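Note sheet for the following structure.
The values are calculated or read from the model by the stated rules, or taken from the named source; none is laboratory data. Keep in mind it's a predicted model, so treat the numbers as computed, not measured. No Cβ is skipped: glycine too gets one built from the backbone with ideal geometry, and neighbour counts run over all protein chains shown. Ligands, DNA and RNA are excluded from the accessible area calculation, which covers all protein heavy atoms including side chains. Shrake-Rupley method; radii C 1.70, N 1.55, O 1.52, S 1.80 Å.
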Amino acid sequence: LFPEDGSETAAMPYDIVVDRVEGGDWRHAADRYKAWAKSQPWCAKTLDQRDDIPAFLTDATGILIDGIRNPKGLTQKYGPNMERLPDVLDQYREATGLKHIVFIPYGWENRGTWAGIHYLPAFPSNAFWADMAAELKRRGNRVGMLTSGFWWVVKRQTNGNGPGFDDSADLERLGDMCIRNADGTLYEADHYDQPQGGASWRGLSVRLCHGSKDAQKNLTDTFMGVARLGVPLVSFDQEIGGSQHAPCYHPDHGHTPGWGRWMWTDFEALCQDILKEGKPIQPELGLFLENVSELAIPYMATYWNRQFGEVDIGNANGRGIGL
């Protein structure tokens, strides 16, 4: 992964090995890969050898995901003020025989599901989730919350994910932490005028850059704010495997232009900083990710996964299958 700096020559800073498999099938190739991977840092410890994973996760835990923005569904299941949520989770524990249930609310974010970057104050309030997290923990259960990672929906119309909003003024103020194309324009996706459904939830979207110090601080502050509510599990949703989906050419981010190793190392540093700063606030703090990659494994307590689906590896020219 070389910076796009116009150099005519390049020296490889690491060894390259071409491994050729004679005969066999993909299982044979996977076995070869596994033998190599088990000697790498991300396999240095098995899950039961790690001391950084919240204990409840390794002790018969189930996860319940539900939306909290639909008043009718919310009232029917949990009561108008979600007052029945602790009892419902206890019922799930009794029915399943599990020791813990983690409740993940879709729509806790201030702007609604999958929006970023304005998560707090939470919906319906910070005080509600602080009290709820404490009560659920008292009963042996927990709360987990998704963030949209580096994805930022700047504006969108009212839809099933939440109310309409327009944060264009914030983009003017904070746009320097976003990915820039080679011509200096913002990397963005515009689905604002699409009818509800499909990609309408994306609205007008941009992405924060992994290499931007301001973006890293923004995410760190968000994770700390969630941890202060008593929430132990916080995610990087939409950061498939920890990869940045587009190259960045912003001249002031401190990284080399275009694609580069910095996309991973800056994400790794962010995870390290969040855990270092967050553990004193929330001793059970654990990160999770949408899909996973080898390099992210040592920093993740768990992860989302489409177990048998095709894996988006963040590169339009590459495709991956979950083995």
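General observations
- Pairs over the 26 Å Cα-Cα cut-off, from the set Lys45/Lys276; Lys155/Lys217; Lys137/Lys213: Lys137/Lys213.
- Here's how it looks for Val292: its modeled amide H is under 5 Å from those of Gly241, which are all 5 or more places away or on a different chain.
- With Cα atoms defining each centre, segment 223-251 and segment 132-182 are spaced 10 Å apart in the structure.
- Annotation: the antiparallel percentage among DSSP beta bridges lying fully within the chain is about 45.
- Around the amide H of Ile104, modelled in the peptide plane, lie the amide H atoms of Leu64, Ile65, Asp66, Gly144, all under 5 Å away and 5 or more residues distant in sequence or on another chain.
- As a length-normalised measure over Cα pairs under 8 Å and 6 or more apart, the relative contact order of the chain settles at 16 percent.
- In segment 65-139, Cα pairs under 8 Å separated by at least six residues give a relative contact order of 27 percent.
- Mean Cα-pair separation over length for segment 1-160, i.e. relative contact order, pairs under 8 Å, 6 or more apart, %: 17
- For Gly149, distant residues with modelled amide H under 5 Å away: Asp237
- For the chain, accessible area per residue (1.4 Å probe, heavy atoms of protein chains only), Å²: 53
- Each stretch of four or more DSSP H residues adds -39500 (n - 2.57); spread over every residue of the chain, this sum gives -8000 deg cm²/dmol at 222 nm.
- DSSP loop chymotrypsin sites (Phe, Trp or Tyr not before Pro) with at most 12 other Cβ within 10 Å: longest gap in the chain: 15-307
- Prolate/oblate/rounded label for segment 174-244 (Cα gyration tensor, a/c 1.5): oblate
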